[in-house]
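The values are calculated or read from the model by the stated rules, or taken from the named source; none is laboratory data. Since we're looking at a predicted model, the values are computed, not measured. Backbone-built Cβ (ideal geometry, glycine too); neighbour counts: all protein chains shown.
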Amino acid sequence: MGFGLCAYYLLSQININGILIVIIMGLSVTAIEYIAGIIFIKGMGVKLWDYSEEWGNIDGLICPMYSLFWTILGAIYYYLINPYIIDSLHWLEDNLTFSFFIGFFFGVIAIDTAYSTQLVVKIRKFAKEKDLIVKYEEFKASIVEEALKRKEKYSFVFAISNNVKKIEEHLNEYKNEQLARTDKIRKTINIFIRDKVKKVTLPEDKEK
């Protein structure tokens, strides 16, 4: 979302028709979403989001519904938020003392990014070793579910990122869940095919 916000800000500075800017914003964020998704899947073995069940999706990474959402969000930013941001930037130019708060804000973002990157690197290593694509949200949900079963406090980034053994346990559980799900689907398909074959062969046997 950080890159998307930067795209909104930079595009809002272009002096053309507002409606056209909003459309470009929606398309730009959709493109960023697709490129980022491909980079994480190919480079990290991690699928941060999955739109596979949405209509018109491409590789489960982008879809018309979310493109519309990014366009609406772009309109909200352009017409309601951007004017205040521009005014705030002008105000900060005249009141440099308050730049400390900006530095603090970016410091928090940097720490969060560092922890998230550390977590993704660990997931990437596991995914590469096991030849697996980890769906981030699905993996996160499995951790929450497991924590609820054990009646533990849930903390995704800070608790896990500092405990390699624990994250490996979660990833192995996630892999086993994926294998069990795949096996279940395979068995269902085999049963379906076997039933279809029986229906086709039985009438032929009766005719004989």
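For region 45-99, give me the residue count where each residue is acidic (Asp, Glu) and out of contact with any helix residue (DSSP H, G or I) (no Cβ under 8 Å at 6 or more places or on another chain). Please lay out each step first, then the result.
Narrowing region 45-99 to residues acidic (Asp, Glu): 50, 53-54, 59, 87, 93-94.
Okay, now just the ones that are also out of contact with any helix residue (DSSP H, G or I) (no Cβ under 8 Å at 6 or more places or on another chain), so 53, 87, 93-94.
Number satisfying all stated conditions: 4.
Looking at region 40-51, which of the residues that are over 12 Å from the mean Cα position of the chain (by Cα) and surrounded by fewer than 19 Cβ atoms within 10 Å (Cβ to Cβ) is modelled with the highest pLDDT?
Lys42
Name the residue, out of Lys166, Lys199, Lys153, Lys184, that is modelled with pLDDT of 75 or more, farther than 22 Å from Trp49 by Cβ and among the basic types (Lys, Arg). Step through it out loud before you land on a result.
Details: Lys166 fails: modelled with pLDDT of 75 or more; Lys199 fails: modelled with pLDDT of 75 or more; Lys153 fails: modelled with pLDDT of 75 or more.
Just a single option satisfies the conditions, and that option is Lys184.
Scanning for something free of Cβ contacts under 8 Å to residues at least 60 places away in the same chain, assigned by TED's automatic domain parsing to the domain that holds Ile86 and surrounded by fewer than 14 Cβ atoms within 10 Å (Cβ to Cβ), does region 60-67 turn up at least one residue?
The first filter runs over region 60-67 and keeps only residues free of Cβ contacts under 8 Å to residues at least 60 places away in the same chain, leaving 60-67.
So of that shortlist, the ones also assigned by TED's automatic domain parsing to the domain that holds Ile86 come out as 60-67.
Retained after the next criterion (residues that are surrounded by fewer than 14 Cβ atoms within 10 Å (Cβ to Cβ)): 65.
Looking through region 60-67, at least one residue is free of Cβ contacts under 8 Å to residues at least 60 places away in the same chain, assigned by TED's automatic domain parsing to the domain that holds Ile86 and surrounded by fewer than 14 Cβ atoms within 10 Å (Cβ to Cβ).
Taking region 1-33 as the region of interest, how many residues are of a type in the set (Ser, Thr, Tyr) and either outside the structural domain of Tyr77 (by TED's automatic domain parsing) or free of Cβ contacts under 8 Å to residues at least 40 places away in the same chain (or both)? First the steps, then the outcome.
Residues of region 1-33 that are of a type in the set (Ser, Thr, Tyr), as a first pass: 8-9, 12, 28, 30.
Then drop every residue that is not either outside the structural domain of Tyr77 (by TED's automatic domain parsing) or free of Cβ contacts under 8 Å to residues at least 40 places away in the same chain (or both), which leaves 28.
Residues that pass the stated criteria total 1.
Tell me which of these Phe106 doesn't satisfy, since it passes every other one: (1) over 18 Å from the mean Cα position of the chain (by Cα); (2) not in a helix (DSSP H, G or I).
(2)
Filter region 1-18 down to the residues that are over 19 Å from Tyr84 (Cα atoms) and out of contact with any helix residue (DSSP H, G or I) (no Cβ under 7 Å at 6 or more places or on another chain) and list them by number. Let's see the steps before the verdict.
Initial filter on region 1-18 (over 19 Å from Tyr84 (Cα atoms)): 1, 3, 16-17.
Passing the criteria: Met1, Ile16, Asn17.
For region 1-103, give me every one of the helices (runs of 4 or more DSSP H) that falls completely inside it and has 2 or more residues that are among the acidic types (Asp, Glu). Show your work before the answer.
Values: elements: 2-12, 18-39, 64-76, 82-94.
Correct list: 82-94.
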